[in-house]
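**Student:** This is the structure I want to talk about, given as structure tokens.
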Amino acid sequence: GGHSLKPFLENNPADWQGPKGALTVVGNFGVNISAEKQNYSYRTSQWRYIRYSNGEEELYDHYKDPYEWKNLAKNKTYLAIKQQLGKEMEDIIRSR
């Protein structure tokens with residue numbers, strides 16, 4: 001299944017039942033790469049969280065940094081946000 005875009009088309013996004021963000025697989029070549037070896041970018045209205053297959057991470061606050069100049073992934077202040085975004089991302093990955 002997927003999620004209907006009808007709430008957006010009818011200008012009522014509060015009725016959206018889908019995920020809180022958009023997941024993109026980035027920089028991977030080939031069709032036989034396992035999920036844990038993929039590079040992922042997860043974008044919500046405020047955040048972009050990127051997790052690479054080698055464990056590296058990036059985190060950007062688009063409200064304060066729309067051009068993604070300051071990677072916040074190693075800043076402990078944002079650990080809970082990073083964990084929440086990672087959980088949301090994993091939920092999408094597992095549902096495919």
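**Student:** Among the residues that make up segment 84-96, is at least one of them part of a loop (DSSP other than H, G, I, E, B), modelled with pLDDT under 95 and out of contact with any helix residue (DSSP H, G or I) (no Cβ under 6 Å at 6 or more places or on another chain)?
**Tutor:** Filtering segment 84-96 down to residues part of a loop (DSSP other than H, G, I, E, B) leaves 96.
Those left that are additionally modelled with pLDDT under 95: 96.
Then drop every residue that is not out of contact with any helix residue (DSSP H, G or I) (no Cβ under 6 Å at 6 or more places or on another chain), which leaves 96.
Yes; the residues of segment 84-96 include at least one that is part of a loop (DSSP other than H, G, I, E, B), modelled with pLDDT under 95 and out of contact with any helix residue (DSSP H, G or I) (no Cβ under 6 Å at 6 or more places or on another chain).
**Student:** Now, a different point. Could you list, in sequence order, all residues of segment 17-68 that are open to solvent by less than 80 Å² (accessible area, probe 1.4 Å), modelled with pLDDT under 85 and in a loop (DSSP other than H, G, I, E, B)?
**Tutor:** In the first step, residues of segment 17-68 are kept if they are open to solvent by less than 80 Å² (accessible area, probe 1.4 Å); the result is 18-19, 21-28, 30, 33-35, 38-44, 46-53, 55, 57-62, 65-66, 68.
The next check asks that each one be modelled with pLDDT under 85; those that pass are 18-19, 21-28, 30, 33-35, 38.
Across segment 17-68, the qualifying residues are Gly18, Pro19, Gly21, Val26, Gly27, Asn28, Gly30, Ile33, Ser34, Gln38.
**Student:** Of the residues in segment 71-96, how many are basic (Lys, Arg) and in contact with a strand residue (DSSP E or B) (Cβ under 7 Å, 6 or more places away or on another chain)? Talk me through it step by step, then tell me what you get.
**Tutor:** Initial filter on segment 71-96 (basic (Lys, Arg)): 74, 76, 82, 87, 94, 96.
If we keep only those that are in contact with a strand residue (DSSP E or B) (Cβ under 7 Å, 6 or more places away or on another chain) too, we end up with 82.
Residues in segment 71-96 being basic (Lys, Arg) and in contact with a strand residue (DSSP E or B) (Cβ under 7 Å, 6 or more places away or on another chain): 1 in total.
**Student:** So, one more: Can you tell me how many residues in segment 69-87 are under 14 Å from Ala22 (Cα atoms) and buried (at least 16 other Cβ atoms within 10 Å of the Cβ)?
**Tutor:** 2
The values are calculated or read from the model by the stated rules, or taken from the named source; none is laboratory data. Please read all numbers here as calculations on a predicted model, not as lab measurements. A quick note on method: Cβ atoms are made from the backbone with ideal geometry, for glycine too, and the neighbour counts reach across all protein chains shown. When the accessible area is computed, the model is the full protein with side chains, heavy atoms only, and any ligands, DNA or RNA have been set aside. Shrake-Rupley method; radii C 1.70, N 1.55, O 1.52, S 1.80 Å.
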